[in-house]
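What follows is a set of notes on a single structure, which appears directly below.
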Amino acid sequence: MITVIGLGFVGLTTALGFSEKGLKVYGYDINKEKTALIASGKIPFFEKGLDEVLAKNLNKNFLIASSIEEAVKNSKVIIMCVGTPSDDKGRADLTYIKSALDSILSSVDKQDKKIIIIKSTIPPSTTRNEIIPYIEKSGFETGKDIFVANNPEFLREGHAWDDFINPDRIVIGTDDEYTKTIMSEIYSKFSVPIHFVTLNTGEFIKYLSNTFLSTLISYSNEMSMIADSIGGIDMKAAFKIFHEDKRWFGNPANMQTYAYPGCGFGGYCLPKDTQALVQKAKDYNYNAKILDGVLRVNSEIKPHWIEKIKKSVSSDKNIAILGLSFKPESDDIRQTPALEIIKLLLENGYKNIIAYDPIANDLFDKTYKLPLKYAKSLDEALNNSEAVVIATGWREFTENKNKFCKKTIFDLRYIL
Ligand SMILES: NC(=O)c1ccc[n+]([C@@H]2O[C@H](COP(=O)([O-])OP(=O)(O)OC[C@H]3O[C@@H](n4cnc5c(N)ncnc54)[C@H](O)[C@@H]3O)[C@@H](O)[C@H]2O)c1
């Protein structure tokens, strides 16, 4: 038996979703009008398909709890789906979560080992740094008398039922095995991967998703404002044709490779073209904030990595730089991030640098004339270094990942 607290878009869909999959679910909401409406078989908001599943499950697998005590006492798992609006400083307001927790905790017996799942969207570190301490202040020891995890929800309003019942993936942020076992049972009827990750990772994944979407929308809007200020641009046609790029559709060089962290973009096109459009917009009196930010982040990411390197590798050590071209499968070294990384290392006193690229060594040496040694093979680079910096995501490096053990590795492309 599980309890879902908060019967809004997410909570009611979640409660009905688990009921439909055969679990016994209590639903509880503090709003009595809403609860009465649901108990009478009506959905308090518009979401297609939900009324039918409510009719099918109400008073069978799905019960409206008359009190939170009744629901909590009879449930192993309590899923919180209350709202997390912004507070006056723009932070996630945890008032509803905390007040729901107060009611839950007063009905919990320590021997019952209840699992509290936060499905509400909360920023990374909130479970660990705010929710767990809040629970522990009431005398519970988390991981012993009570278990706390998060389970971000990715449903879209308007498609809530379909998204919940046919998810792409399930994410559980938890630090304990007990929760993993119980959550695997609860989600056992969903045939998609269940990813068990740390508490912070679970929360982060939801923000990765939402901020990516908000960035794409604002990016598109900024582009529309640039286009309007320049004039003579057919917005609808431009965006429609833009959407025909095969990278949207799972081609080997698909969009995922762009929505991935690394040490910045380089090469002949992205840096100069982004720069040029920022300048052109300025000429037409439009100040491009996102594109300007894109360029600033692209510069900041390199010193960010250097600070990480400096923390664990002293400047007298031998460092291998693996990859010199701006991307794998290319020998183009124009504006390659590796150049900036190497220059910053040299500026910070790292003199023993050995560079290796499967095809771009000679061109890099001839073009930039930096005081480096060059290795003829990956093995030579690895044999002559204590620390390794992967600056380009060549497949050769991933395929030889076993050779990297015992080195201090800075995988700037997250490929190992
Ligand atoms: N709406 C979405 O598309 C969506 C998608 C994914 C995640 N989320 C996240 O899920 C959470 C819930 O979103 P929503 O759209 O369902 O919100 P909502 O406002 O529709 O529902 C929240 C419900 O919680 C109830 N509630 C508040 N305090 C309570 C308490 N102490 N005890 C019991 N019930 C209480 C409210 O009465 C309300 O019915 C938010 O954190 C939101 O960011 C929303």
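Would you call Asn285 farther than 25 Å from Phe397 by Cα and either part of a helix (DSSP H, G or I) or of a type outside the set (D, E, K, R) (or both)? Walk me through how you get there before you give the answer.
On the way: farther than 25 Å from Phe397 by Cα: yes; either part of a helix (DSSP H, G or I) or of a type outside the set (D, E, K, R) (or both): yes.
Answer is yes for this residue.
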State which residue pairs qualify: first residue farther than 16 Å from Pro152 by Cβ and within 13 Å of the ligand (Cβ to nearest atom) and inside segment 1-25, second residue among the hydroxyl-bearing types (Ser, Thr, Tyr) and modelled with pLDDT under 95 in any location, beta carbons under 8 Å apart, and separation of 6 or more residues or different chains. none
With (1) at negative phi; (2) within 12 Å of the ligand (Cβ to nearest atom) as the list, and Ser75 as the residue in question, which single condition is left unmet? (2)
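For Ile306, indicate whether it is assigned by TED's automatic domain parsing to the domain that holds Leu346, part of a helix (DSSP H, G or I) and of a type in the set (A, V, I, L, M).
Details: assigned by TED's automatic domain parsing to the domain that holds Leu346: yes; part of a helix (DSSP H, G or I): yes; of a type in the set (A, V, I, L, M): yes.
For Ile306, the condition - assigned by TED's automatic domain parsing to the domain that holds Leu346, part of a helix (DSSP H, G or I) and of a type in the set (A, V, I, L, M) - is met.
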From the list Met183, Met80, which residue is away from the ligand (no atom under 16 Å from the Cβ), surrounded by 12 or more Cβ atoms within 10 Å (Cβ to Cβ), within 21 Å of the chain's Cα centre (by Cα) and modelled with pLDDT of 95 or more? Met183
Residue pairs within 8 Å by beta carbon, gap of at least six or interchain, first lying in segment 155-169 and assigned by TED's automatic domain parsing to the domain that holds Ser188, second part of a helix (DSSP H, G or I) and aromatic (Phe, Trp, Tyr), listed first then second, are Leu155/Phe9; Leu155/Phe164; Glu157/Phe9; Ala160/Phe9
So which residues in segment 238-278 are of a type in the set (Phe, Trp, Tyr), surrounded by 11 or more Cβ atoms within 10 Å (Cβ to Cβ) and more than 24 Å from Asp292 (Cβ to Cβ)? Trp248
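Residue-wise test of (1) modelled with pLDDT of 95 or more; (2) in contact with a Cys (Cβ under 8 Å, 6 or more places away or on another chain); (3) exposed (fewer than 13 other Cβ atoms within 10 Å of the Cβ).
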| position | (1), (2), (3) |
| --- | --- |
| Asn200 | yes, no, no |
| Glu203 | yes, no, no |
| Ser214 | no, no, yes |
| Ile217 | no, no, yes |
| Ser229 | no, no, no |
| Lys236 | no, no, yes |
For Leu63, the lone unmet condition from (1) surrounded by fewer than 15 Cβ atoms within 10 Å (Cβ to Cβ); (2) of a type outside the set (Lys, Arg); (3) more than 9 Å from the ligand (Cβ to nearest atom); (4) closer than 25 Å to Ser99 by Cα is (1)
If a residue has to be more than 30 Å from Lys282 (Cα to Cα) and in a loop (DSSP other than H, G, I, E, B) to count, how many in segment 309-326 make the cut? 9
Looking at Phe404, Phe364, Phe410, can you tell me which residue is buried (at least 23 other Cβ atoms within 10 Å of the Cβ), among the aromatic types (Phe, Trp, Tyr) and closer than 26 Å to Thr257 by Cα? Phe364
Any idea how many residues of segment 345-375 are of a type in the set (Val, Ile, Thr) and part of a strand (DSSP E or B)? 2
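The values are calculated or read from the model by the stated rules, or taken from the named source; none is laboratory data. The model shown is predicted, which means the values in this text are computed figures rather than measured ones. Neighbour counts are summed over all protein chains in view; Cβ atoms, including those assigned to glycine, are modelled from backbone coordinates with ideal geometry.
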